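Asker: Below is a structure I'd like to ask you about.
The values are calculated or read from the model by the stated rules, or taken from the named source; none is laboratory data. Note that the structure is predicted; figures quoted are calculated from it, not measured. We place every Cβ from the backbone using ideal geometry, glycine too, and count neighbours over all the protein chains shown.
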Amino acid sequence: MILTWNDVAEKFQKYFGQPPAWIVRAPGRVNLIGEHTDYNEGFVLPLAIDRAIWIALRPRQDRTVAVYSVDFQQQKEFSLEGLRACQDGWLEYLKGVAWVLQEEGFRLTGWEGVLVGDVPQAAGLSSSAALEMATARAFAAVSEIAWDPVRMALLGQRAENRWVGVQCGIMDQLVSAAGQAGHALLIDCRSLHTEPVPLPAGTAVVVLDTGTRRGLVDSAYNERRGQCERAAKAMGVRALRDVSVEQLEAAASRLDPLTFRRARHVVTENARTLEAAEAMRQGDKHRLGQLMNASHQSLRDDYEVSSDALNRMVELARSHPACYGARMTGAGFGGCAVALVDQAGADDFVRTVGPAYQQATGHQPALYVCQATQGAEARTGCQIG
Ligand code: GLA
């Protein structure tokens, strides 16, 4: 079930016996195309989805943050003074954001609230980035900090890199902070310029969760990052963003075959992402679908971050007549695929592909038709119902 502002207000009311002062929401995301390009300063084309992390809260007089997680049924708290990282599960994301905001010189107010979400965890839909952006939005609301989506996304990324210890790029936080309803966001991960690009009329975006979770993803992710950095260095450029397909072909003899294939994925993916944005501006769903298919092939064969479950899900999705294109999405090795399908056939697609996948693999899938929503938002309690 998808949460609403009212549901979240009620959860606060139930827990605290009063309405909240603020409710914030920050969405998860699905990436249409542009995978493993963000940390190469390239292009990505994600959308913020109608599954989000929510916090209903009220300010406190002291410097404590106290949160009840509805999903974990846990109450936890921390002080804004002398923050120290320990392994306290979901609370570390909130602490990391508090730490980075204070490091930036913001004077933070304490608060208490309830935390609830409907973004599946560890599925590749960026529940962590959503939690970071919801936390930043909560602090911004009670501490009267102006909401600058790009700055907040960068701070969320820094919290993830330095507090949580995951070396992610900027895509997830930025689309969670700055997404636009009805649109994907073309992000230039070097300039951080964002451009909303409309989803083609008559199409639906379907997330297909394979029910498999990514093992070893962090080490494989960091290994890919290292290979990309080495390729850029060997080619004498700051990042693979600066390399064209022709330049890469010409430099093939200077790269070992594995590094060459890794670089080829990134360089061709950047080109595909720009072309996909153009296809969307033209409403060309067929071309967009083809580019998504080509992206999957490149991730599977050159970048080697797909999995049997993802490949099977993508094949089954493509074999449905309503499907324009399908690919794995997110870091890979498990989690979700994404498909662009004809809106009129979306229900049948979901009804057919899910059971076919389960029959073929024995894994329990989950398929959702997603709406592209607004990035992180805050409302005062009075604005709700
Ligand atoms: C993860 C990271 C992102 C991005 C993708 C791959 O989601 O958090 O920054 O690198 O993988 O495109």
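Asker: Can you name the number of the only condition in (1) farther than 21 Å from ASN40 by Cβ; (2) surrounded by fewer than 17 Cβ atoms within 10 Å (Cβ to Cβ) that ASP256 fails?
Answerer: For ASP256, the exception is condition (1).
Asker: If you go through region 186-202 one residue at a time, do you hit one that is in contact with a Pro (Cβ under 7 Å, 6 or more places away or on another chain), of a type in the set (A, V, I, L, M, F, W, C) and within 30 Å of PRO321 (Cα to Cα)?
Answerer: No, there is no match, as no residue in region 186-202 is in contact with a Pro (Cβ under 7 Å, 6 or more places away or on another chain), of a type in the set (A, V, I, L, M, F, W, C) and within 30 Å of PRO321 (Cα to Cα).
Asker: Could we say that LEU248 is more than 14 Å from the ligand (Cβ to nearest atom), more than 20 Å from GLU195 (Cα to Cα) and hydrophobic (A, V, I, L, M, F, W, C) here?
Answerer: Against the criterion (more than 14 Å from the ligand (Cβ to nearest atom), more than 20 Å from GLU195 (Cα to Cα) and hydrophobic (A, V, I, L, M, F, W, C)), LEU248 qualifies.
Asker: Taking interchain pairs and intrachain pairs at least six residues apart, which have beta carbon atoms under 8 angstrom, with the first residue in region 56-77 and under 16 Å from GLN13 (Cα atoms) and β-branched (Val, Ile, Thr) and the second part of a strand (DSSP E or B) and modelled with pLDDT under 95?
Answerer: Nothing qualifies.
Asker: State yes or no: is ALA153 part of a loop (DSSP other than H, G, I, E, B), among the aliphatic types (A, V, I, L, M) and within 15 Å of the ligand (Cβ to nearest atom)?
Answerer: No.
Asker: If THR273 passes every condition in (1) outside any helix (DSSP H, G or I); (2) crowded, with 19+ Cβ neighbours inside 10 Å but one, which one does it miss?
Answerer: Going through (1) outside any helix (DSSP H, G or I); (2) crowded, with 19+ Cβ neighbours inside 10 Å one by one, THR273 breaks only (1).
Asker: From the residues in region 363-378 that are touching a Gly at 6+ places or on another chain (Cβ under 7 Å) and in a loop (DSSP other than H, G, I, E, B), which one is surrounded by the fewest Cβ atoms within 10 Å (Cβ to Cβ)?
Answerer: Within region 363-378, the match that is surrounded by the fewest Cβ atoms within 10 Å (Cβ to Cβ) is GLN364.
Asker: Next question. Which count do you get for residues in region 296-354 that are outside any helix (DSSP H, G or I), under 19 Å from LYS285 (Cα atoms) and of a type outside the set (Val, Ile, Thr)?
Answerer: The qualifying residues number 14.
Asker: Does GLY236 satisfy being closer than 17 Å to LEU32 by Cα, out of contact with any Cys (no Cβ under 9 Å at 6 or more places or on another chain) and in a loop (DSSP other than H, G, I, E, B)?
Answerer: When the stated conditions are applied, GLY236 does not pass them.
Asker: Sticking with this structure for a sec: Please list, ordered by first then second residue, the pairs with beta carbon atoms under 8 Å, 6 or more apart or interchain, first in region 31-42 and more than 17 Å from GLN167 (Cβ to Cβ), second near the ligand (Cβ under 6 Å from one of its atoms) and not in a helix (DSSP H, G or I).
Answerer: Listed by first residue and then by second, the contacts come to ASN31/GLY330.
Asker: Going through region 114-158 one residue at a time, which ones are among the small types (Gly, Ala, Ser) and at positive phi?
Answerer: Listed by number, the residues that qualify are ALA122, GLY124, SER126.
Asker: Go through the residues of region 167-190 one by one and say whether even a single one is surrounded by fewer than 21 Cβ atoms within 10 Å (Cβ to Cβ), over 30 Å from SER253 (Cα atoms) and among the charged types (D, E, K, R).
Answerer: no
Asker: Shifting gears a bit: Only one of these is within 18 Å of the chain's Cα centre (by Cα), of a type in the set (Gly, Ala, Ser) and either crowded, with 24+ Cβ neighbours inside 10 Å or more than 30 Å from ASP242 (Cα to Cα) (or both): ALA52, ALA9, ALA21. Name it.
Answerer: One residue alone meets the criteria, ALA52.
Asker: Report whether or not LEU131 is within 14 Å of the ligand (Cβ to nearest atom), in contact (Cβ under 8 Å) with a residue 12 or more places away in the chain and of a type outside the set (Val, Ile, Thr).
Answerer: Considered against the rule, which asks whether it is within 14 Å of the ligand (Cβ to nearest atom), in contact (Cβ under 8 Å) with a residue 12 or more places away in the chain and of a type outside the set (Val, Ile, Thr), LEU131 comes out as yes.
Asker: Continuing with this model, one more query. Taking the condition surrounded by fewer than 21 Cβ atoms within 10 Å (Cβ to Cβ), closer than 14 Å to VAL206 by Cβ and among the basic types (Lys, Arg), does ARG351 pass?
Answerer: Against the criterion (surrounded by fewer than 21 Cβ atoms within 10 Å (Cβ to Cβ), closer than 14 Å to VAL206 by Cβ and among the basic types (Lys, Arg)), ARG351 qualifies.
Asker: Which of the residues spanning region 165-197 are within 15 Å of the ligand (Cβ to nearest atom) and more than 16 Å from the chain's Cα centre (by Cα)?
Answerer: Of everything in region 165-197, those that are within 15 Å of the ligand (Cβ to nearest atom) and more than 16 Å from the chain's Cα centre (by Cα) turn out to be GLY165, ARG190.
Asker: Tell me, please, whether a residue that is more than 16 Å from the ligand (Cβ to nearest atom), at pLDDT 95 or above and not acidic (Asp, Glu) can be found in region 299-306.
Answerer: Checking region 299-306: not a single residue is more than 16 Å from the ligand (Cβ to nearest atom), at pLDDT 95 or above and not acidic (Asp, Glu).
Asker: Looking at this structure, is ALA146 closer than 20 Å to LEU57 by Cα, out of contact with any strand residue (DSSP E or B) (no Cβ under 9 Å at 6 or more places or on another chain) and not basic (Lys, Arg)?
Answerer: Criteria met by ALA146.
Asker: Identify all residues within region 317-342 that are more than 25 Å from TYR221 (Cβ to Cβ) and either surrounded by fewer than 16 Cβ atoms within 10 Å (Cβ to Cβ) or in contact with a Leu (Cβ under 9 Å, 6 or more places away or on another chain) (or both); write none if there are none.
Answerer: Those that are more than 25 Å from TYR221 (Cβ to Cβ) and either surrounded by fewer than 16 Cβ atoms within 10 Å (Cβ to Cβ) or in contact with a Leu (Cβ under 9 Å, 6 or more places away or on another chain) (or both): SER319, PRO321, CYS323, TYR324, LEU340.
Asker: OK, next. Could you figure out which of (1) within 16 Å of the ligand (Cβ to nearest atom); (2) closer than 30 Å to ARG151 by Cβ isn't true of ALA372?
Answerer: (1)
Asker: Here's something else I'd like to know. Which ones in region 105-118 are over 24 Å from the mean Cα position of the chain (by Cα), part of a loop (DSSP other than H, G, I, E, B) and not aliphatic (A, V, I, L, M)?
Answerer: Result: GLY105, PHE106, ARG107, THR109, GLY110.
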